[in-house]
Structure formats: C-alpha cells, structure tokens
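Reading through the structure tokens given below for one structure.
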Number of protein chains: 2
Amino acid sequence: MAAARHSMLDFKLGARADGETILKGLQFIFQEQGMTELVYTWQDHGYLSTYINKNGSFLPPILRGGAIDRYWPTAHGRLVEYDIDEVVYDEDSPYQNTKILHSKQFGYILILSGDVNLAESDLAFTQDIKGSGKEDYSGKDVLILGGGDGMVTMVEIDQMVIDEYKKYMRKTCGDVLNNLKGDSYQVLIEDCIPVLKRYAKEGREFDYVINDLTAVPISTSPEEDSTWEFLRLILDLSMKVLKQDGKYFTQGNCVNLTEALLLYEEQLGHLYCPVEFSKEIICVPSYLELWVFYTVWKKAKP
Amino acid sequence: MAAARHSMLDFKLGARADGETILKGLQFIFQEQGMTELVYTWQDHGYLSTYINKNGSFLPPILRGGAIDRYWPTAHGRLVEYDIDEVVYDEDSPYQNTKILHSKQFGYILILSGDVNLAESDLAFTQDIKGSGKEDYSGKDVLILGGGDGMVTMVEIDQMVIDEYKKYMRKTCGDVLNNLKGDSYQVLIEDCIPVLKRYAKEGREFDYVINDLTAVPISTSPEEDSTWEFLRLILDLSMKVLKQDGKYFTQGNCVNLTEALLLYEEQLGHLYCPVEFSKEIICVPSYLELWVFYTVWKKAKP
C-alpha cells in the first residue's frame, strides 16, 4: 500500500475482538513506515488512513490504543503530543486522579486529573510563583496554599501528591518532605479554607502568601456556588492573613485565555480590601504554552 | 448525532465538489461542539468521526482543510498544534520556502521550509546562541553565519529572510537591518562557505564565530557528499577564522535526538585542530521542545 494523499484502507472484519487484534498488528507496521495516522474499529469494520499535509510531508501518526497516552491537551485546548515513555504511577486519591508520567525531555511529570501540573524541567514555575527571585525571604513568614513541593508553612489537601513528590520529584522538592515539620517549616495536610479561616480568626499575618493550588482548586466543602466565587473566597481569606505590605503570588492561566484572565482580574476588584496587581508571562517548559503569573498586594492606605 | 466513543458518520455524496462544500459546513458545526476530530473526503465518500480519550474527555479536534495549517511537528517528530491565526507571508526564495505565521501567544514566527525557525517570543534562543549573556562583546570581532537578524559581520544567504525580519520581526532585529552596513557591523548577503574561505586565506580572525545557520544549512555549491561532511566543512572553516582563545557558538538540536547530537559531537573530534566543547539545554518558547546549544573552543596549546 503506497502512501497517497488521503489514502484509506477500509476492510471488513469477522468480529470485534479479531478486528482489534488485527488492527493492533497492522498499526505497528504502518507506524513504522510513518504512514498510519489513525486506526479505528467501528462495529465490525476497521480502517486505516494516512494523511499528507500541504507541504507534501506526513504529519506524525496519532498513536492510539497504546498503554501510554501521549496526548495531553494544553489549557488553551491545543492538541500536543508529549514524549511520554513510561506511566510510572496512576492512582485516584480521595481528591483527584494523580499520575506520574515520564517524559524523555521534561523528566517526571505530575498530572492531576488530566492537567499537566509540574515537571522536573519546570524550575521556571517554582521561581516565578515565588516572585522571580526578586524577593528576600530571610526572616519572613510565608504561607503556601497547595504546592505539594514543600516550603515554610504549606497547606496541601492531598497526601498522595506529597508521596508522589517525595518518590519521583526530588529534583523539585529536595529533602524537605521527608519530615512534615522542620526548624523553619511545617506542612499541614489539610484543606486550606478552614486553615485560612483559623489564621484569620487568630489574627495571624504573613509577609508572603503563595497560592500554588491547582487552576481550579479542590475543596472538601465548597461554600460558594461557582468556581469564580470560590476563587474569590480564597483570595479574600488570603488577603486577610496578608500583612499590609505583604505580597500574594499566584499562577493565572495560559496567556491566550484572555477572557478567563480578565474575569480573574475582575475578581480582584471585588475583594474586601482594595488591591493592585502586576502580571508576568513566563515559559514553563513542559506546559508547551506561555503562562501568566500574578503578584497582588494591598493598596497603600491613603 | 450524540457524542459516543469512536462514533463515526459515513455518508455518500453526490460529487466530490459537493462533498467538500458539505463537509466544510458540517465541520464548523461539529467543531463548535468539540465533536469532530476528522473530516475526510475520500473519492465520493465523506466521513466524520469523533474520539474520546481514556479519561473520557475529547481530544481537541484536528482541523483539516483550512487556509491555515496549525500543525508544525517538532524536530523530534511530535505532533503539536500551534495557535496560528494568520498566514502573513508565504513565498519561495531561491533557497527555501519562507513563511511568516502569526501565533496568538508567540507573535510572528518565521518558518523556513517547514521548520519553526524563530518567533518574537524566543529571546532565549538569541541570548543562548550569543553565550547566555556571559560574554563581553565590547571591542571584539564577531562573525555570524546565517541568522538573518543582524549583528556585527553577518553572512546571510537569503535576502528574503532579511526582508521578512525587517518587516515582521522588529522585536528580534530592531533597526539593525535598515542598512546592511553601519559603524560597527556589516551584513553580507552571500553564501557563508566562500566568505569563510576568503577570510581564512586572508588570515582574518574573530573572537567569536556564531553559527546561526538552519539545522541543515543551505549552500549554493555543496562540495561534500553528506550533511555531516558539510557540517564538518563549516566547522573546520569556522575554526580556521577563530582566534586561539575565541569561542564558537551554535545550536544543536532537540535534546531527545541523542543520536544526531552524538554524531555532531563525533564530528568535533575530526576537525583540523583539537577542540573542546560544552552544551546547555534551553527552553525556546515557540519550539515546544527543549533545545541543545554548543560552545566550542580550541584546545589550549600544551
């Protein structure tokens, strides 16, 4: 079967099970020749097809049905293929699906409920959500919401994420997670909402609050109707435990999601106290898209 | 037609032309619902199909047949979709196909014969191929092979690339290309091989030689049989015009292409003079893969 523009092989199979076996065998042969883009079974039919793009060259074949899923769409919804060569870990925690995949170039990647969360290559993320190396943390009180990767007072809801970081992501967390309490840090395995409320009630204040929660945070008891109200609740509580001259760092989203970013910025106008913010656009290697980070601070009192 | 695992709609069309019109209309409706992965015409047949991945969510649909090609596979051959929203320029020069596409997040992207060459987002590339900001260029003689984006003595074979940089890539080249000769720089629109030979014959030497040629360089008169021999010819000539304590900077390739990188490093062992090298792995935003850069220098004389 010679390669041809939009060529397709449509064939009748005896039974569904047979079909899948045959297709699996054929898939290998065609992939080897860079010819197959698709192998489908459809009831008792199977088909293979190839595609040549406008420049006359093949697009890389889409690999289906393997043990390893290589396609993890970006936040912006673009189709991208990762160089995943191993599924290291794949378990449901009480809060989310957690996977550790291995990428040839990005190293271990933590994927939470289908979202690429952090890879060993992504020092840029960790640097930026701490203020791009422009902050002096010595003697400062720091509160981290989420994160899983260990610093100062960190509140992480999911023990499974901590365990995965300890086992696979040592390049990002070092030895910090060996003990959940050290001389200068503690890790609380708790939902951050009641923790923030407790701190606010006690009048505890921090120089820095770093929100490293997932883009849509998990809560055991969401009190608000919409994601945006929930995000605003976290923001409001964070501002309550932030010193007047403190800084709040958080990730935004893909730079292309202008509407979502605008909605987030609108929430910043509806907090209990007036705030100002700046944003930076950063390339996080394994994300395969540019990412927005925010710095938020309380407006100086007049 | 409800979304279903591997659902497919196979239908008979009256004529090829009709089929394409109908498919184009249907494609829009299905894409809007995130349902279509593929729209094909096959002789007088058309079909649409959807795919649901293992996590039960759709992969983003593959968009076919539009005016804009969004799929530009990486050097490592992974399928990646770019957020291209405009084909700004698309012409064949005497040497290569040159395109300027616009990406929502990466800005203008120069694509040379199908390879993503540089985008406005890619300051990291320009910084690294100049030695990551660790070099002091004041009073130094610098020779740039290729590049198109203008510095010191630059030898660029393709006037069309210069014109595209001037028109679309001002963020990367500034005003330098307005004149091909300035107080401290000149741009030669020539094949770099005869230029290097001329300089070598004249005994001209540089502090820095920056090889910013495309991964597989263009030549008007390749004298060598294989790409590797041609690459070694450029390396050898470059070493001939490099001062004893000078540095040669060049890009390698995707970090995953370990065999190609190893072959390149082997070439470095077969030059007319002994050399040493170091390498860095850099994230160039628009490449969507990690990229290796080399620094090569002449081994100190014993």
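General remarks:
- In region B:74-112, the residues that are more than 10 Å from every other protein chain (Cβ to nearest Cβ), of a type in the set (A, V, I, L, M) and in a loop (DSSP other than H, G, I, E, B): B:Ala75
- Filtered by the rule that a residue be surrounded by fewer than 16 Cβ atoms within 10 Å (Cβ to Cβ) and part of a loop (DSSP other than H, G, I, E, B), region A:198-214 gives A:Gly203, A:Arg204.
- Scanning region B:254-279 for residues that are within 13 Å of B:Met239 (Cβ to Cβ) and hydrophobic (A, V, I, L, M, F, W, C) yields B:Leu268, B:Leu271, B:Cys273, B:Val275, B:Phe277.
- In region A:247-254 there is no residue matching the filter, namely being part of a helix (DSSP H, G or I), within 16 Å of A:Ile129 (Cα to Cα) and assigned by TED's automatic domain parsing to the domain that holds A:Lys197.
- Test: A:Val296 is in contact with a helix residue (DSSP H, G or I) (Cβ under 6 Å, 6 or more places away or on another chain) and either more than 30 Å from B:Tyr287 (Cα to Cα) or surrounded by 15 or more Cβ atoms within 10 Å (Cβ to Cβ) (or both): no
- In region A:225-234, of all residues being part of a helix (DSSP H, G or I) and farther than 14 Å from A:Gly146 by Cβ, the one that is modelled with the lowest pLDDT corresponds to A:Thr227.
- B:Asp141 being in contact with a Pro (Cβ under 9 Å, 6 or more places away or on another chain) and surrounded by 14 or more Cβ atoms within 10 Å (Cβ to Cβ): no
- Residue match in region B:174-197 (condition: modelled with pLDDT under 85, crowded, with 20+ Cβ neighbours inside 10 Å, within 21 Å of the chain's Cα centre (by Cα) and not in a loop (DSSP other than H, G, I, E, B)): yes
- Within region A:267-283, residues that are part of a helix (DSSP H, G or I) reach partners that are not aromatic (Phe, Trp, Tyr) with beta carbons closer than 8 Å, at six or more positions or on different chains, in the pairs A:Gln267/A:Leu231; A:Gln267/A:Arg232; A:Gln267/A:Leu235; A:Leu268/A:Leu235; A:Leu268/A:Val275; A:Leu268/A:Val296.
The values are calculated or read from the model by the stated rules, or taken from the named source; none is laboratory data. Only a predicted model underlies this, so the values are computations on that prediction, with no experimental measurement involved. Note that we place each Cβ from the backbone using ideal geometry, even for glycine, and neighbour counts take in every protein chain shown.
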